[in-house]
Amino acid sequence: MYVSSSIHIKPNFNSSFSVSKTLSKSSSAYCSSGYSSLGFSSTFRSPRWSYGVDWKSPISLKAQIRTAAVTPVLNNFHRKLTTMASENPFKGILTSLPKPGGGEFGKYYSLPALNDPRIDKLPYSIRILLESAIRNCDNFQVKKEDVEKIIDWENTSPKLAEIPFKPARVLLQDFTGVPAVVDLACMRDAMNKLGSNADKINPLVPVDLVIDHSVQVDVARSENAVQANMELEFQRNKERFAFLKWGSNAFRNMLVVPPGSGIVHQVNLEYLGRVVFNREGLLYPDSVVGTDSHTTMIDGLGVAGWGVGGIEAEATMLGQPMSMVLPGVVGFKLSGKLRSGVTATDLVLTVTQMLRKHGVVGKFVEFYGDGMGELSLADRATIANMSPEYGATMGFFPVDHVTLQYLKLTGRSDETVSMIEAYLRANNMFVDYNEPQHEKVYSSCLYLDLAEVEPCVSGPKRPHDRVPLKEMKSDWHSCLDNKVGFKGFAVPKDAQEKVVKFSFHGQDAELKHGSVVIAAITSCTNTSNPSVMLGAALVAKKACDLGLNVKPWVKTSLAPGSGVVTKYLLQSGLQKYLNEQGFHIVGYGCTTCIGNSGDLDESVSSAISENDIVAAAVLSGNRNFEGRVHPLTRANYLASPPLVVAYALAGTVDIDFEKEPIGVGKDGKNVFFRDIWPSTEEIAEVVQSSVLPDMFKSTYEAITKGNNMWNQLSVPATSLYSWEPSSTYIHEPPYFKDMTMDPPGPNGVKDAYCLLNFGDSITTDHISPAGSIHKDSPAAKYLNERGVDRRDFNSYGSRRGNDEIMARGTFANIRIVNKLLNGEVGPKTIHIPSGEKLSVFDAAMKYKSAGQDTIILAGAEYGSGSSRDWAAKGPMLLGVKAVIAKSFERIHRSNLVGMGIVPLCFKAGEDADSLGLTGHERYTIDLPDNISEIRPGQDVTVRTDTGKSFTCIVRFDTEVELAYFNHGGILPYVIRQLSQQ
């Protein structure tokens, strides 16, 4: 008998969550998922139109095989290469799936045909991994032993068993897509120079690239904002866009969705997500890895998806199986229903805090329980979207009737939906709440009564720092008092009530600490959800009716995730009220959520910077790390779209919405929050009448047709890219310069200097910022020297196709804190040999020119945030050989390995401070010269020139990662293997 080791977490909204834990002999937990029948109702009508993309078939299995081993197995691999890809040992369970009216949908590998009772207890998310392993099993890339490991998940997962996984497709956005296509183009050149066939560099699985990260809020509060911002977007990015258009023609299996179409994850949810693939009559579950950490949004649709580094995604495109540790699965049981006025955003911020407290890094989270019936698909997608913020690899919602209703709403044909349901039912991957539920085994369990969720925001600097709305004013004052940190600004008491008066285009204006200067309805997290979008519009309407208006110096914006949003806002008649409050549509892309918030008015910027005002941004995004949203907003709060409008109206975060009025109405009376807040019933009524299937159909029938500006881009029809040396956007990177067919082997680190010494929670935004290029930065100097005017600098994110700029932009975040500077904030460091204070880039180049290695010291959660491959590529180009940290974010650690940088973890309870390390020492890391002598997770000794030595854990987590390190990184490894075929 198994005893649950579940974690019972009940929200205690007055303080922290109360936790009670029952330990057991078993490492797993039976979390009962049996519940009574639920009635699922839908306010949506079902459309009838065909959906699908005619993908080119992958090349033969034999040509896809890649090695996943290291020396001494490497030699064995070469012998196997001639006889590999044996017949699938599970061909006996290949089963026909009949159509109701006769004929068949296709064939599939049947999990029930295995007759293994352990499969019935597997979480649904693990079943997707199992099906993939069975379907791809050839006893070389994927072995029968791998299948057995997954079936025996309950016992193998706690042992951190390693398995291969082959996702069905890859998802890119343009910030990460441009460097990915640059790498592919460069790999073709490398193959050509090695005398091999350059056309071997081609995606073997469908690759969808959505251009959504380039549009900035240059123009706001204008009816013409969409067109004006798109014109500026094309002016800045014409070269990048033409390069991506070339890639879509030069590479097979690559679909590019043009600018102005929407945000990648919303487009993925509403259009690209297949749920079940039917490739030449073979049926299998959709699964996806993406070069954006919020790829997890698709988990809300029952598609297994998560973010990976661009480097890892490129290897996946080229047929390399992903090597992953078989994850634990946290069961998250939902019960009850949300109270009126509480939004999905409030729910996801609550879930984020709970899961962050529980600890789910590297794990899947699977949601279940009778509360599932109370969540729309869009609500589920909101929760799944923020998986990176709560630290999980996935936040998974298995397919059920709600999923099928959403598929019909968004235009998938009846036949497609019928095929999806039939396949998932036949393969025991469908949840039917009208049937008894098998008891699932989870690694641990959490429980949440939806009725206990209350309105909240998160901030001012981290997504998991949730603040109940009723405590916001007191929390804000605590932040002003507290020392500088995640919850502190250290504003002296006598300066906290300071009022700065200024003139805004001839109008009297004022700012205080906490004044809202940016209010943005943005991000796929929320703009995919009709209830919160229409809820925001209702807040705007009620405010207009009462005579309230947003102050003109607040930069307001609305950036929908797809054209569907615009259609239902117009259908509802509510867009005009958003416009009256300044929330005009500014474009279809990520905008403020990724730092593309555009400039503040010069008068506002001056008032903030000249008076050291702690100004605030309120946005419906998923990330609020310092320096990300805008350089001048030191306080950034995540909130639901309706709350964004409410805070814009209030003009400050220093307000108690329960007790203080938002403003004075046209009748001279105070207007309170409760006067403008819509009920759940009001919102549901508008959603039902305004969100219609034809909106999805018409939007996505036209999506790949592009627009005039895109269609007029002229690109060459060549398979090899012609690099333009003078280009400041696209530049041939040096990764494969002087590459030979012989792997360089592992390299230890000797007498390295410390380039930077960090504390906790250094994010990829700190390491490789995506936002604006500061006028005094090394990147700005590089652009100036090449005649680029400052107004055309664009952002770091838009210039990721140029390694020269990105190397100069590494560690260029203006808010970065480097302990070597003794409290000074900014992108500088100390060059240890000379004692000079230099930009990080200049110091790194000085070390490199002297032939000196460098390392980085860091605290916990190093590399958290976006799955940004340049956060690994940049340090590699700066000459960084190793990062020694207390812990790493999952994707970033993988990216470091992919670029040949050694990730090392201090032993538990130790860090640089406890070991007395200042960063002024020189470091030698003792690694064996032979890759066969290195094991995943082994201890290594680090010695310093001061006589101190300490033991670290080398964070190569799998044998495959050791192979990458032996080759100098994942891309050289893939090139060498492809060249030998």
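The values are calculated or read from the model by the stated rules, or taken from the named source; none is laboratory data. Everything numeric here is computed off the predicted structure, so don't read it as measured data. Glycine also receives a Cβ, built like all others from the backbone with ideal geometry; neighbour counts cover every protein chain displayed. What goes into the accessible areas is simple: the full protein's heavy atoms, side chains included, and nothing from ligands, DNA or RNA. Shrake-Rupley method; radii C 1.70, N 1.55, O 1.52, S 1.80 Å.
Quick rundown of the values:
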{"quantity": "Members of the range 522-575 that are touching a residue at least 60 places away in the same chain (Cβ under 8 Å), within 19 Å of Gly587 (Cβ to Cβ) and among the hydroxyl-bearing types (Ser, Thr, Tyr)", "calculated": "Thr522, Ser523, Thr525, Thr527, Ser528, Thr556, Ser557, Ser562, Tyr568"}
{"quantity": "Flag if Val840 is open to solvent by 20 Å² or more (accessible area, probe 1.4 Å), touching a residue at least 40 places away in the same chain (Cβ under 8 Å), over 24 Å from Gly589 (Cβ atoms) and not hydroxyl-bearing (Ser, Thr, Tyr)", "calculated": "no"}
{"quantity": "Qualifying positions in the range 871-883 - in contact (Cβ under 8 Å) with a residue 40 or more places away in the chain, buried (at least 24 other Cβ atoms within 10 Å of the Cβ) and either in contact with a Leu (Cβ under 8 Å, 6 or more places away or on another chain) or of a type outside the set (Gly, Ala, Ser) (or both)", "calculated": "Ala872, Lys873, Pro875, Val880, Ala882"}
{"quantity": "Residue within the range 896-914 that is open to solvent by less than 10 Å² (accessible area, probe 1.4 Å), in a loop (DSSP other than H, G, I, E, B) and not β-branched (Val, Ile, Thr) present", "calculated": "yes"}
{"quantity": "Residue ID - nearest to the chain's Cα centre (by Cα), chosen from residues in the range 588-612 that are within 24 Å of Thr763 (Cα to Cα) and surrounded by fewer than 24 Cβ atoms within 10 Å (Cβ to Cβ)", "calculated": "Gly598"}
{"quantity": "Selection within the range 436-448 - modelled with pLDDT of 85 or more and under 19 Å from Pro117 (Cα atoms)", "calculated": "Lys440, Val441, Tyr442, Ser443"}
{"quantity": "Ser932, sole failed condition from (1) assigned to a helix (DSSP H, G or I); (2) open to solvent by less than 20 Å² (accessible area, probe 1.4 Å)", "calculated": "(2)"}
{"quantity": "Failed condition for Tyr433, given (1) touching a Gly at 6+ places or on another chain (Cβ under 6 Å); (2) modelled with pLDDT under 95; (3) open to solvent by less than 10 Å² (accessible area, probe 1.4 Å)", "calculated": "(1)"}
{"quantity": "Residue among Ala344, Ala313, Ala304 that alone is out of contact with any strand residue (DSSP E or B) (no Cβ under 6 Å at 6 or more places or on another chain), of a type outside the set (S, T, N, Q) and open to solvent by less than 10 Å² (accessible area, probe 1.4 Å)", "calculated": "Ala344"}
{"quantity": "The range 637-659, residues that are closer than 12 Å to Gly514 by Cβ and either of a type in the set (Gly, Ala, Ser) or buried (at least 24 other Cβ atoms within 10 Å of the Cβ) (or both)", "calculated": "Tyr637, Tyr647, Ala650, Gly651, Val653"}
{"quantity": "Any chance Lys576 is within 27 Å of Asp174 (Cα to Cα) and of a type in the set (Lys, Arg)", "calculated": "no"}
{"quantity": "Answer residue from the range 763-782, given it is assigned to a loop (DSSP other than H, G, I, E, B) and open to solvent by less than 10 Å² (accessible area, probe 1.4 Å) and is farthest from Ser864 (Cα to Cα) among those", "calculated": "Ala770"}
{"quantity": "So Ile816, is it surrounded by 24 or more Cβ atoms within 10 Å (Cβ to Cβ), within 17 Å of Asn757 (Cβ to Cβ) and among the aliphatic types (A, V, I, L, M)", "calculated": "yes"}
{"quantity": "Test set (1) charged (D, E, K, R); (2) surrounded by fewer than 22 Cβ atoms within 10 Å (Cβ to Cβ); (3) without any contact (Cβ under 8 Å) to a residue 60 or more places away in the chain - Arg808 fails condition number", "calculated": "(2)"}
{"quantity": "Tabulated pairs, the range 139-155, first under 11 Å from Ile126 (Cα atoms), second among the basic types (Lys, Arg) and outside any loop (DSSP other than H, G, I, E, B), C-beta under 9 angstrom, 6+ apart or interchain", "calculated": "Ile150/Arg127; Ile151/Arg118; Asp152/Arg118; Trp153/Arg118; Trp153/Lys121; Glu154/Arg118; Glu154/Lys121"}
{"quantity": "Arg868 at pLDDT 95 or above, open to solvent by 10 Å² or more (accessible area, probe 1.4 Å), under 28 Å from the mean Cα position of the chain (by Cα) and of a type outside the set (Ser, Thr, Tyr)", "calculated": "no"}
{"quantity": "Number of the condition not met by Phe396 [criteria: (1) of a type outside the set (Gly, Ala, Ser); (2) surrounded by fewer than 23 Cβ atoms within 10 Å (Cβ to Cβ); (3) out of contact with any Gly (no Cβ under 7 Å at 6 or more places or on another chain)]", "calculated": "(2)"}
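Yes/no matrix, rows are residues, columns are (1) at positive phi; (2) free of Cβ contacts under 8 Å to residues at least 24 places away in the same chain:
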| residue | (1), (2) |
| --- | --- |
| Trp710 | no, no |
| Lys737 | no, yes |
| Asp751 | yes, no |
| Ile773 | no, no |
| Leu783 | no, no |
